[in-house]
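Notes to accompany the following structure.
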Amino acid sequence: MGALIEFFVRMALLRNKPQDLPPSPALLVLLSIVSTLFGTLLLGGLLGGYEAALGANLMDLALTMLFLFALLQITGHAPRWLQTATAVMGLTVLVGVVSFTVDRLSVALQLPDLQAIVDLALMIWIHVAVGHVIRHAIGVPLAAGIVLIFGYTLFSQVMIFQVFPPVVPN
């Protein structure tokens with residue numbers, strides 16, 4: 001387990017590549033479940049409850065898998081889907097763990113701004129890290145990978161918030 005965590009930390013630091021992962025459907029399923037659970041815990045308040053947050057995370061998972069499949073299919077790299085999707089899910093788990101931990105710390109220490117600052121940093125970081133994965137998956141420069149994942153994020157958030165709108169506190 002430690003080697004797997006180290007692998008994804010190194011990937012987040014742009015050192016490891018998705019093709020270095022073993023092509024494991026079981027690992028993809030496990031990481032997808034853990035990513036969905038962390039996302040549900042983190043978005044429960046924003047979306048008005050855990051049921052809506054779970055729905056939004058399942059929709060996000062489906063859109064992400066479809067985006068990666070279509071991107072790799074269009075660029076002629078379809079055989080790389082399993083490792084690419086696993087790499088992306090591993091990175092989202094890593095972000096989920098960090099964000100969840102900081103969320104609990106910011107509540108315990110009564111520092112709400114801490115969560116906002118860390119979330120902004122994580123948002124930037126995950127786009128660079130997933131851009132790195134995309135770069136290796138389809139053979140484009142890092143900047144192109146970042147632009148692709150940023151564009152996808154905008155699209156997916158609009159779609160998800162159409163179905164699961166954020167709840168505005170009173």
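The values are calculated or read from the model by the stated rules, or taken from the named source; none is laboratory data. A quick note: this is a predicted structure, and the numbers were derived from the prediction, not measured. Positions of Cβ are generated from backbone atoms using ideal geometry, with glycine treated the same way; all protein chains shown enter the neighbour counts. Only protein heavy atoms, including side chains, enter the accessible area calculation; ligands, DNA and RNA are left aside. Shrake-Rupley method; radii C 1.70, N 1.55, O 1.52, S 1.80 Å.
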(message) Leaving ligands and nucleic acids out of the surface, order HIS77, HIS132, HIS127 by accessible area at 1.4 Å, largest first.
(response) HIS77, HIS127, HIS132
(request) Could you give the size of the charge dipole of the chain about its Cα centre, using +1 on the Cβ of each K and R and -1 on the Cβ of each D and E, expressed in debye and rounded to the nearest 20? (result) 440 debye
(request) Whole number in Å², please: accessible area per residue of the chain, 1.4 Å probe, ligands, DNA and RNA not counted. (result) 55 Å²
(message) Using a Gaussian network model on the chain with a 10 Å cutoff between Cα atoms, which of ALA26, ALA70, ALA78 fluctuates the most?
(response) ALA26
(request) Send over the Kirkwood Rh of the stretch 84-170, from the inverse of the averaged 1/r over different Cα pairs, rounded to one decimal Å. (result) 14.5 Å
(request) For the stretch 111-158, give the percent of accessible area contributed by carbon and sulfur heavy atoms, probe 1.4 Å, rounded to a whole number. (result) 84 percent
(message) Given an 8 Å cut-off on Cα distances and at least 6 residues of separation, report the relative contact order of the chain as a percent.
(response) 29 percent
(message) Just to make sure I understand: if all protein chains stay in place, what is the order of THR84, THR75 by accessible area at 1.4 Å, largest first?
(response) THR75, THR84
(request) Sort largest first and round to whole Å: the equivalent ellipsoid semi-axes of the chain, each the square root of five times a Cα gyration tensor eigenvalue. (result) 26, 18, 15
(request) Just tell me, in residue order, which DSSP H segments of the chain are both 18 angstrom or longer along the helix axis (alpha-carbon based) and at least 0.5 in mean Kyte-Doolittle hydropathy. (result) 25-43, 50-74, 81-108, 112-138, 142-163
(request) Determine, from the Cβ-Cβ distance of LEU66 and ARG10 and an R0 of 30 Å, the FRET efficiency 1/(1 + (r/R0)^6), rounded to the nearest 0.05. (result) 0.65
(request) Just the number, please: carbon plus sulfur as a percent of the accessible area of the stretch 42-103, 1.4 Å probe, no ligands or DNA/RNA counted. (result) 72 percent
